[in-house]
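Here is the structure we will look at.
The values are calculated or read from the model by the stated rules, or taken from the named source; none is laboratory data. Computed from a predicted structure; not experimentally measured. Ideal geometry is used to build each Cβ from the backbone, glycine not excepted, and the neighbour counts take in all protein chains shown. Each accessible area value is taken on the protein alone, full model and side chains, heavy atoms only, with ligands, DNA and RNA left out. Shrake-Rupley method; radii C 1.70, N 1.55, O 1.52, S 1.80 Å.
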Amino acid sequence: MKFKKTYSYAFWSAFYLTLLFVIIAAISYFYVHDVLGNYTILVAIFSFFIISFFFIQYRAEHFIYRRLKKIYNDVSILDAKNLKKDSTITDIENISKSMEEFVEGKRLEIKSLTERDSFRRDFLGNVAHELKTPLFTVQGYILTLMEGAINDKQIRMKYLDRANKGVERLVAVIKDLDMIAKLETESLKLNVEVFNILELIQNVFDLFEMRAKKRNITLQFDRIYEFPMFVKADIEKIEQVLINLVVNSIKYGKPNGTTVVGVEAYNDHKFIVKVIDNGEGIQKQHLSRLFERFYRVDQSRSREQGGSGLGLSIVKHILEAHNENILLKSTYGEGSEFSFTIEKAK
């Protein structure tokens with residue numbers, strides 16, 4: 001019958017200690033007794049205690065080290081090279097705690113990988129859907145023209161215009177995907193410079209004035225600013241942030257509504273830019289996922305309004321690249337407030 005490992009360890013430890021005791025006793029009796037006399041026993045006991053202490057410590061560490069090394073070798077996710085012999089101790093509680101911390105770290109790592117895999121599948125499905133819809137639209141118009149509709153000038157121009165809109169949507173999706181890919185891989189370099197944020201906001205207002213008028217939405221500042229407000233950031237990327245936020249407020253704002261943009265001090269080093277609309281607002285269950293790629297609160301209405309579904313995700317990535325924060329407040333039926341911080345120019 002094969003002994004348990006602990007029995008084997010105890011047996012050999014007892015054997016070595018007994019042998020050690022016999023050796024110390026013999027030395028004390030034959031060589032030390034004549035010199036120390038009555039103190040021989042005390043010296044022998046003290047010597048046996050000291051030697052036993054280090055012997056037991058070495059044996060225990062060696063025993064535990066071999067057991068742990070076997071575990072590391074048996075479990076493929078553990079690397080035995082990470083196990084140092086001098087780190088193994090006889091304190092089983094500390095060892096258990098260390099192993100629990102290690103296992104918890106691996107559990108979180110596996111959970112993260114599982115979530116990433118799930119996100120990857122969702123992302124690929126969303127990309128396929130976003131590209132498929134305009135592609136089929138363009139293909140349908142082209143096939144109709146090829147089958148004879150091209151001979152009708154009125155139909156030809158109408159279908160070519162619709163096909164062109166489908167292509168524009170494809171280009172928008174691909175450009176947005178390219179920007180997110182660059183932001184996530186940190187290959188997008190920021191050209192940081194000092195500029196007047198109020199002037200940039202006015203430029204965005206001018207750019208989308210006609211689109212806002214089509215829905216009778218007024219673009220305006222929250223107040224009259226007497227002095228410029230200079231910030232330090234990548235002006236093109238911050239312009240993209242403002243464009244995406246203002247366009248969203250126009251898309252989902254109520255007709256005859258307003259989009260108000262304001263800038264105020266956030267702290268000694270930063271401003272906060274607020275984009276406020278009195279549109280339909282966002283329900284609470286959607287708030288936590290609003291900045292995910294392709295996530296839409298209302299799938300049908302969002303696609304009617306156009307866009308790639310990547311606007312808010314791009315906003316989030318650009319601001320994270322600047323080490324800034326994006327904030328959101330929304331009351332369903334009353335409107336939304338998107339705000340972000342930006343560094344003051346010194």
Between Glu115 and Lys346, the FRET efficiency computed from the C-beta separation at R0 = 45 Å comes out, to the nearest 0.05, as 0.65
Pseudo-spin-label distance Arg162 to Tyr225, built 7 Å along Cα→Cβ, given in nm, is 4.4 nm
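At a Förster distance of 56 Å, what's the computed FRET efficiency of Lys214 paired with Tyr58, Cβ-Cβ distance as r, to 0.05? Please list the in-between numbers first.
Details: r = 84 Å, r/R0 = 1.50.
In this case the efficiency is close to 0.10.
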Per the rule of 0.36 nm per residue minus the C-alpha distance, extending Asn325 to Arg289 adds in nm 11.4 nm
Relative to the compact-globule estimate 2.2 N^0.38 Å (N residues), the Cα gyration radius of the stretch 219-279 stands at a ratio of 1.21
In nm, the gap between the two label points placed 7 Å beyond Cα toward Cβ at Asp152 and Glu199 is 5.3 nm
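Can you tell me which of 198-205, 284-291 comes out highest on packing, and rank the rest after it, using the mean Cβ neighbours within 10 Å? Let's see the in-between values first.
On the way: 198-205: 17.2, 284-291: 12.2.
Top to bottom by mean Cβ count within 10 Å: 198-205, 284-291.
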Residue separation between His269 and Tyr332 times 0.36 nm, minus their alpha-carbon distance, gives in nm 19.4 nm
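Roughly speaking, to the nearest percent, how much of the stretch 148-209's 1.4 Å accessible area is carbon and sulfur? If you can, show how the numbers build up before the last one.
Details: 2110 of 4120 Å².
For the stretch 148-209, the apolar C and S fraction of the accessible surface comes to 51 percent.
Under the 0.36 nm per residue contour assumption, what length would be gained going from the current alpha-carbon distance of Glu100 and Ile51 to full extension?
Details: separation 49, 0.36 × 49 = 17.64 nm, distance 3.37 nm.
Contour length minus the Cα-Cα distance gives 14.3 nm.
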Percent of all Cα-Cα pairs per 10 Å bin for the stretch 142-289, counting from 0 up to the last occupied bin, reads 9, 26, 31, 20, 9, 3, 0
